[in-house]
Amino acid sequence: VQWLSPYGLGPDEAQYWHWTYRLDWSYLTKPPLTTAAIWLSTQILGDTVLGVKLFAFRGQGAAAWLGFGLAGLLAGMYLGMWDLRQPAPRWGVWLGIGVVVGLAGLAKYTAGVFYPLLFAWMLLDRREWLKTPQPWVAGVVSLLMQLPVVIWNMQHAWVGVAHVLWQTDGGGDSRHGGLATLLEFVGGQALVLGPVLLGLLLWCWGTGVWGFRFMAPAMRLLMVMTVPIF
């Protein structure tokens with residue numbers, strides 16, 4: 001455990017672990033999924049560092065596996081969970097998307113940007129899909145899965161939504177915003193990703209924006225789902 005995580009718990013991890021002593025449908029800064037996962041792992045492994053971090057370790061491994069698989073599939077003009085060469089959306093795939101995005105929304109409020117960006121891409125490359133029920137049903141499935149979080153916020157004066165808006169506004173700190181904040185953000189990303197990987201990422205985005213209209217639909221989807229968020 002010391003080799004896997006030599007620094008103990010981070011502040012956020014300690015907060016999520018503390019919440020396990022009073023389980024609820026949502027919390028001030030996060031929906032409930034992360035805390036529920038920590039509660040489950042600590043029931044098995046006890047209140048230990050590994051107990052708190054178990055699902056984080058598993059998630060990191062799953063993300064690496066999915067990233068490897070995605071990179072391989074892109075060569076065959078596939079992206080994500082569905083085949084872009086299909087003439088119409090498939091029920092099984094879109095119901096799966098609805099469930100996965102619903103789970104994401106139970107872990108992070110920012111999952112709410114998934115569908116607006118996806119629909120923006122469909123307006124560009126798959127406008128006919130907007131006339132089919134599958135994407136809309138997927139959105140309803142995801143929304144229904146958010147009902148516990150919505151009801152909890154209604155019962156607590158929308159404090160979770162207010163917290164997200166507070167963070168978006170820079171925490172009300174007038175020192176935030178402008179070029180200084182932009183450079184601070186990019187610098188932080190460079191430290192997390194490394195300057196080489198960040199440079200390649202920015203280069204890919206730059207060339208992608210320049211040649212967007214000439215891209216294949218799979219690559220255009222990648223651009224639409226990532227550049228606006230960054």
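The values are calculated or read from the model by the stated rules, or taken from the named source; none is laboratory data. All figures in this text were calculated on a predicted structure; none of them were measured in a lab. Note that each Cβ is placed from the backbone with ideal geometry, even for glycine, and that neighbours are counted across all protein chains shown. All accessible areas refer to the heavy atoms of the entire protein, side chains included, with ligands and DNA or RNA removed. Shrake-Rupley method; radii C 1.70, N 1.55, O 1.52, S 1.80 Å.
Quick check on ALA63: is it at pLDDT below 90, of a type in the set (A, V, I, L, M, F, W, C) and at negative phi?
Yes; evaluated as a whole, the condition is true for this residue.
Examine segment 19-31 for a residue that is in a helix (DSSP H, G or I), buried (at least 18 other Cβ atoms within 10 Å of the Cβ) and free of Cβ contacts under 8 Å to residues at least 60 places away in the same chain, and state whether such a residue exists. Reasoning before the result, please.
So the first thing to find is which residues in segment 19-31 are in a helix (DSSP H, G or I), and the list is 19.
From what's left, buried (at least 18 other Cβ atoms within 10 Å of the Cβ): 19.
Within this subset, residues satisfying the condition of being free of Cβ contacts under 8 Å to residues at least 60 places away in the same chain are 19.
Yes: one or more hits.
Residues that are under 24 Å from ALA162 (Cβ atoms) and open to solvent by 40 Å² or more (accessible area, probe 1.4 Å) within segment 105-143 comprise LYS108, TYR109, THR110, GLY112, VAL113, PHE114, PRO116, LEU143, listed in sequence order.
Evaluating GLN167 against the criteria (1) outside any helix (DSSP H, G or I); (2) within 22 Å of the chain's Cα centre (by Cα) leaves one unmet condition, (1). Within segment 45-58, track down each residue that is open to solvent by 50 Å² or more (accessible area, probe 1.4 Å) and part of a loop (DSSP other than H, G, I, E, B). The answer is ASP47, THR48.
Restrict the check to segment 172-190 and report whether at least one residue is under 25 Å from VAL100 (Cα atoms) and in a helix (DSSP H, G or I).
Taking segment 172-190 as the starting set, the residues that turn out to be under 25 Å from VAL100 (Cα atoms) are none.
The answer is no, given that none of the residues of segment 172-190 is under 25 Å from VAL100 (Cα atoms) and in a helix (DSSP H, G or I).
The criterion of being free of Cβ contacts under 8 Å to residues at least 60 places away in the same chain, not in a helix (DSSP H, G or I) and not polar (S, T, N, Q) does not hold for TYR16. Of the residues making up segment 88-104, those that are in contact with a Phe, Trp or Tyr (Cβ under 8 Å, 6 or more places away or on another chain), buried (at least 17 other Cβ atoms within 10 Å of the Cβ) and not in a loop (DSSP other than H, G, I, E, B) are TRP94, ILE97, VAL101, ALA104.
Please specify each residue of segment 205-230 satisfying the condition of being open to solvent by less than 30 Å² (accessible area, probe 1.4 Å) and in a helix (DSSP H, G or I).
Step one: filter segment 205-230 for residues open to solvent by less than 30 Å² (accessible area, probe 1.4 Å), giving 208, 211, 218, 220-221, 223-224.
Selection gives GLY208, ALA218, ARG220, LEU221, MET223, VAL224.
What residue, of GLN146, GLN189, GLN155, GLN167, is touching a helix residue (DSSP H, G or I) at 6+ places or on another chain (Cβ under 7 Å), open to solvent by 40 Å² or more (accessible area, probe 1.4 Å) and of a type outside the set (A, V, I, L, M)?
Working: GLN146 fails: open to solvent by 40 Å² or more (accessible area, probe 1.4 Å); GLN155 fails: touching a helix residue (DSSP H, G or I) at 6+ places or on another chain (Cβ under 7 Å); GLN167 fails: touching a helix residue (DSSP H, G or I) at 6+ places or on another chain (Cβ under 7 Å).
Going through GLN146, GLN189, GLN155, GLN167 in turn, just one is touching a helix residue (DSSP H, G or I) at 6+ places or on another chain (Cβ under 7 Å), open to solvent by 40 Å² or more (accessible area, probe 1.4 Å) and of a type outside the set (A, V, I, L, M): GLN189.
Right, THR42: open to solvent by less than 40 Å² (accessible area, probe 1.4 Å), modelled with pLDDT of 65 or more and within 27 Å of ALA138 (Cβ to Cβ) or not? Considered against the rule, which asks whether it is open to solvent by less than 40 Å² (accessible area, probe 1.4 Å), modelled with pLDDT of 65 or more and within 27 Å of ALA138 (Cβ to Cβ), THR42 comes out as no.
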